[in-house]
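Following: one structure in structure tokens, then a few remarks.
Here, each number is a calculation from the coordinates, and none is a lab measurement. Keep in mind that what you see is a predicted model, and the values were worked out from it rather than measured. Because the Cβ atoms are built from the backbone with ideal geometry, glycine has one as well, and the counts that use them run over all protein chains shown.
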Amino acid sequence: GWCPLSPAGAQTTQLLVEPPRTLAVLWDRVTLTCQGLGTRGATTLYKDGQRWWQEGPNQFILTESGTYKCDRPGTRLSPSVIILNDWLVLQVPARALQEGDTVTLRCQR
């Protein structure tokens with residue numbers, strides 16, 4: 001994968017969600033992967049604005065809902081990823097959509 005350059009020229013870390021959904025839910029067995037150019041194995045994961053895991057692996061299987069971010073030394077903090085644990089969630093594929101696209105909606109409970 002690649003990470004876009006920020007205006008200041010520093011790399012931004014990316015937090016990838018598997019399965020790729022716009023709203024991820026715990027019962028989908030969510031895995032987060034922190035990607036960036038920083039030192040491998042020196043990943044810091046943040047949950048709800050607090051440091052949650054430091055110097056851990058770059059891949060995490062989640063068991064708690066919350067808002068997650070990650071970073072690695074020498075890179076910028078990733079954008080937020082929200083993981084839900086709700087009873088009913090409407091999901092769409094995590095990709096850019098154009099007018100006229102056919103979209104499959106999933107209502108999960």
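Consider a paramagnetic label point 7 Å from the Cα of residue 33 along Cα→Cβ; state which residues of the range 39-77 have an amide N under 14 Å from it. Within reach of a label on residue 33, which here means backbone N under 14 Å from a point 7 Å along Cα→Cβ, the range 39-77 contributes 58-61. Descending by average beta-carbon neighbour count within 10 Å, the peptides 11-18, 60-67, 96-103 line up as 11-18, 60-67, 96-103, the highest first.
Scoring 47-54, 71-78 by mean Cβ neighbours within 10 Å over their residues and listing the highest first yields 71-78, 47-54.
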